[in-house]
Amino acid sequence: MAKDSLLDDLNEPQRQAVTHIGNPLLVLAGAGSGKTRVITTKFAYMVKRKRFSPHSILAVTFTNRASDEMKERTKGLINCDTKNLWIGTFHSQCNRILRKEIHHLGFKHNFTIYDEDDQCTLIRQILKELNIYEALYKNIASRISILKASLVTPDKFLSQGDGFSFDEKIAKVYVRYQDELKRAEALDFDDLIMFTVRLFTEHPKVLERYRKQFEYVLIDEFQDTNHAQYMLANIIVGKDGNFCAVGDDDQSIYKFRGANVGNIHRLKADHSRLKIIKLEQNYRSTKNIINVSSKVIQGNASRSEKTLWTENECGEKVCYCLFNNEEEEAKHVARTIKDLYLKGFYEYSDMAILYRINLQAKAIEDGLREASIPYTIFNGISFYNRREIKDVIAYLKLILNPHDNVSLRRVLNVPPRGIGISAINKIEQEAKRNSTSLYTVIKQIISSNNSFTSSIKDKLSSFVNTIDDLIGNSQKTASDIMRAVVNKTNYLETLEDERVQNVIELINSSEGISLQAFLDKTALMSGFETSNNCNSVSMMTLHGAKGLEFSVVFLVGLEEGILPYCKALEDAADMEEERRLFYVGMTRAKERLYMSSVRRRKLYSKVQERQPSRFINDVPKDCCNWMEKTVSPTVQTEKPSTSNTVNISFDIGCRVKHPSWGVGIVRECCGNGDTAKVVVNFPGIGIKKLIAGLANLERISV
C-alpha cells in the first residue's frame, strides 16, 4: 500500500478498515483498539482521497459525547466545519429527517419531543384515568419502549402477534398513550426511530431521495442497536449498500434498553458480500489487565472469536480481595485511593469506582467521606432534569406547541395561580370528551357560559394571555424567549438562590440558538453523558461507565446475585450479558485494576450471606494478586434464637422450594425472620410475593 500521511499512525488492520470502500464492512473492534480513530480517519479518507462530499456521508453513533468527539476529530482531519454534516446520534439524525418529512405521516413539523420524564408523566396520567395502579408507570413505560424498539405498533400488539406476551393493561395504555401523543403533536424517543422506519417504508420516493444523498453510511457501536435501529440502517443502505458498521459483541450490555447483540451476527446473514476486519490490538490497558479480561470473556459461548493483545507493559498485577463485609471493602478502597494519591501516582480524577447496582454506593460513599476523599456520583440525573430547568423548558415547549398537554399540566400552576384540582379535573374531562387539547378547552371555557366561576376564568384567562404573548415572541432566540418567560411569570421569585443560578445558566447556554434547535438539543441530551471536570473520584454503575476509561478502576461487589445480577441466574443469554458487563468494567482500566467481593452484605435492610461471583473463577491467578481477609469472630458467632421465628436466610439468587409451586429463585428479600417479605420467580408460574413465615419455603442447594 502506498505511503499516505493520513494512514501513517494506523496499524495494518486499521488501515484495511479505513481504505475498504467497495463492499459492506463489519469492523469487530475490541476494547481500546482505536475504533474512534478508525471511524474518523475513514470519514476523512473518503473525503480527501476518494472525493466523497462530506455531506454525503451519514455517520451515526449512540451518545452525544461520542458524536461530539467524532465531529471534533473529523474537523481536525478534513479542515471543514462539521456543524451541518450528518454526524450525530441515531435519534438526532432521525429528528433531523422528520423535521423535514413528518408531514407525510400526518404530523406537523414543530412536533414536541417527549423525554423519559415527560413519557412517564403522561403514562401516570393515563393510568390514573384508567384506574390502573399508578406505581406501575415505570414498568409500563419500559414495556412500551421495548415494543417500539421492536417496531410493534399498538395495532400489532393488539393482534397478539410477533411472539410478544399479550397483556391487556399494557395494550390499553399503549393505545391511549399513542393517541395522546398524536393529539399533542408529540413524539417520544422511540418514535423518532420507529416513525423514520415507517416514513421510509411507506414513502419509497422519500427513501430514494435519502439513499441518493447518503453515498456512504458509518455506524458506530453497532452491538448496541435494537431491532428498529437495525431495520433503519438496512433500509437506508439497501441490499448491497456502501456501509461500515463498527462494534464489539463483547461489549453489548444494553439488552434492557432493547439492544440486540445478535444484530452483529445477523449482519453477516443479510449481506452476503460482507467483509469482516478484526481490530485486536489494545492501546489502552496493560498486559495483565488484557490477559485477565480476555480470559473472563472467553467464558461466553455465543461471541465472535477475537484475541485481544497489547504491546503495553505488563504493569501491576490485577488485585482481588475477599472481605468480610461492605464496610471493610469500602475502607480498603478508600485507603488504596488515598495511598495512590498521596504518593503522587495519580490524581483523584484518574480513579473510578464501578458497581452493578446503585444500592452498593452508600457504603462506598461512607468510606470515602470518612477518609476525606472527594468524589462525584454519576447516577443519570442531568442538569436538564432539575425541577426548575424542566419548568422553564415546559414553557418553551408550550410556546412552540400549545397542544402539548404534558407541558401544560406542568406549568398551569407554576408559579402558583390558584387553579384548583377540581377545575383541572373538569378541564381534563372536557378535553377527553371532545378529543382535543387542554389549551383548546381552556380557551373555550374562557369565552363561553359554563359552570366555572368568574375567579377561575380570570386565572385561566391570565394564563392563556401570558402564553399567547409568549407565542408572539417565538421567532426570537431561545435565550430571549426564556427571559420573557421568567419576567412575565415572575417565576424566579419562587426559587431559592441555587435554583435561580441554574435558570440563569440555562439562559446563558442558549444565546443565539433558535427555540426549535434549543428544544431539540435539550430533549436529545442523555442524563448519563457527563464528565468529571473536578479532581474527584468518579462513582458510577457499570452501565454508566461504557465508553469511558480511567487509570485506576475499582470493581466492587463481585458477588452472586449482584454480578451476575439475580435476575440473570435463570437465563443463559442474560448470564452472558452479565459477563460482558464485567468485561466492560475491567477494560475501563488503563494501569491498575482492583476487584473485590464480601462474605456478608446488607441489602434491602437485611444482612445476607454472599458468595463470590462465578466470574472470579475464570480470572487467571498468574495475572492476579489474591487476598482474603480472615473471618472475624463476630462474623462467625450467631446469637441463639429466643423466639419461634423462621431463621432460614433467603439471599438474593438462592433457590427455594414451595410445596405447591416447586423450585424458584429469590429475586428480592426484605426484613428478617417470619415477617420477611420474599419475592420469588417460579418458572412456569411467575413472580410471587410471599411472607416467609407463612409460605413454607425450603431453601435448597444449587
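One residue alone among 241, 258 is farther than 16 Å from residue 546 by Cβ and of a type outside the set (Lys, Arg), and that residue is 241. All conditions but one from (1) touching a Leu at 6+ places or on another chain (Cβ under 8 Å); (2) closer than 26 Å to residue 146 by Cβ; (3) open to solvent by less than 20 Å² (accessible area, probe 1.4 Å) apply to residue 235; the one that does not is (3). Say whether the condition of being of a type in the set (Phe, Trp, Tyr) and farther than 14 Å from residue 587 by Cα is met by at least one residue in segment 273-290. Checked segment 273-290: no residue is of a type in the set (Phe, Trp, Tyr) and farther than 14 Å from residue 587 by Cα. Once segment 377-391 is narrowed to residues that are under 27 Å from residue 549 (Cβ atoms) and in a helix (DSSP H, G or I), the residue that is most open to solvent (accessible area, probe 1.4 Å) is 385.
Given the structure, is residue 450 more than 15 Å from residue 391 (Cα to Cα), at pLDDT below 85 and surrounded by fewer than 15 Cβ atoms within 10 Å (Cβ to Cβ)? Judged against the criteria, residue 450 is a match.
Residue count for segment 392-429, restricted to those that are open to solvent by 10 Å² or more (accessible area, probe 1.4 Å) and among the acidic types (Asp, Glu): 1. Condition check: open to solvent by less than 10 Å² (accessible area, probe 1.4 Å), part of a helix (DSSP H, G or I), in contact with a helix residue (DSSP H, G or I) (Cβ under 9 Å, 6 or more places away or on another chain) and among the hydroxyl-bearing types (Ser, Thr, Tyr). Does residue 201 satisfy that? Spelling it out, it is not the case that residue 201 is open to solvent by less than 10 Å² (accessible area, probe 1.4 Å), part of a helix (DSSP H, G or I), in contact with a helix residue (DSSP H, G or I) (Cβ under 9 Å, 6 or more places away or on another chain) and among the hydroxyl-bearing types (Ser, Thr, Tyr).
Scanning segment 580-619 for residues that are open to solvent by 30 Å² or more (accessible area, probe 1.4 Å) and out of contact with any strand residue (DSSP E or B) (no Cβ under 8 Å at 6 or more places or on another chain) turns up 614, 617, 618. For segment 21-40, the set of residues classified as surrounded by fewer than 24 Cβ atoms within 10 Å (Cβ to Cβ), polar (S, T, N, Q) and under 20 Å from residue 86 (Cα atoms) consists of 36 only. Exactly one residue out of 250, 179 is part of a helix (DSSP H, G or I) and open to solvent by less than 30 Å² (accessible area, probe 1.4 Å): that is 250.
Of all the residues in segment 535-572, those that are touching a residue at least 24 places away in the same chain (Cβ under 8 Å) and either open to solvent by 10 Å² or more (accessible area, probe 1.4 Å) or among the acidic types (Asp, Glu) (or both) number 16. For segment 36-52, indicate whether the set of residues that are over 22 Å from the mean Cα position of the chain (by Cα), part of a loop (DSSP other than H, G, I, E, B) and in contact (Cβ under 8 Å) with a residue 60 or more places away in the chain is non-empty. Checking segment 36-52: at least one residue is over 22 Å from the mean Cα position of the chain (by Cα), part of a loop (DSSP other than H, G, I, E, B) and in contact (Cβ under 8 Å) with a residue 60 or more places away in the chain. Each residue in segment 204-227 was checked for being assigned to a helix (DSSP H, G or I) and in contact with a Leu (Cβ under 9 Å, 6 or more places away or on another chain), and 6 pass.
Going through (1) in contact (Cβ under 8 Å) with a residue 24 or more places away in the chain; (2) exposed (fewer than 14 other Cβ atoms within 10 Å of the Cβ); (3) among the hydrophobic types (A, V, I, L, M, F, W, C) one by one, residue 135 falls short only on (1).
Per the listing 186, 149, the residue uniquely farther than 27 Å from residue 265 by Cβ, touching a residue at least 24 places away in the same chain (Cβ under 8 Å) and open to solvent by less than 60 Å² (accessible area, probe 1.4 Å) is 186. For segment 211-218, the criterion of a residue being under 30 Å from residue 575 (Cβ atoms) and either of a type outside the set (Ser, Thr, Tyr) or under 24 Å from the mean Cα position of the chain (by Cα) (or both) is satisfied by no position. Among residues of segment 615-626 that are within 19 Å of residue 568 (Cβ to Cβ) and touching a residue at least 12 places away in the same chain (Cβ under 8 Å), those with a Cβ under 9 angstrom from a residue that is part of a helix (DSSP H, G or I) and among the acidic types (Asp, Glu), sequence gap 6+ or separate chain, pair up as 615/578. Across segment 430-447, the qualifying residues are those that are touching a Lys or Arg at 6+ places or on another chain (Cβ under 8 Å) and open to solvent by 50 Å² or more (accessible area, probe 1.4 Å), and the one among them that is farthest from residue 183 (Cα to Cα) is 446. Here 127, 151, 136, 147 are screened, and the one residue that is over 19 Å from residue 189 (Cα atoms), at pLDDT 90 or above and of a type outside the set (Ser, Thr, Tyr) is 127.
Residues checked against (1) open to solvent by less than 60 Å² (accessible area, probe 1.4 Å); (2) of a type in the set (A, V, I, L, M); (3) over 28 Å from residue 168 (Cα atoms); (4) in contact with a Gly (Cβ under 9 Å, 6 or more places away or on another chain):
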residue	(1), (2), (3), (4)
70	yes, yes, yes, yes
75	no, no, yes, no
92	yes, no, yes, no
103	no, no, yes, no
108	no, no, yes, no
119	yes, no, no, no
131	no, no, no, no
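Which count do you get for residues in segment 418-440 that are more than 26 Å from residue 392 (Cα to Cα) and assigned to a helix (DSSP H, G or I)? Final tally of qualifying residues: 5.
The values are calculated or read from the model by the stated rules, or taken from the named source; none is laboratory data. Note that this is a predicted model, so its numbers are computed, not measured. For neighbour counting, all protein chains shown are included, and Cβ atoms are generated from backbone atoms with ideal geometry for every residue, glycine included. These accessible areas exclude ligands, DNA and RNA; they are computed on the full protein's heavy atoms, side chains included. Shrake-Rupley method; radii C 1.70, N 1.55, O 1.52, S 1.80 Å.
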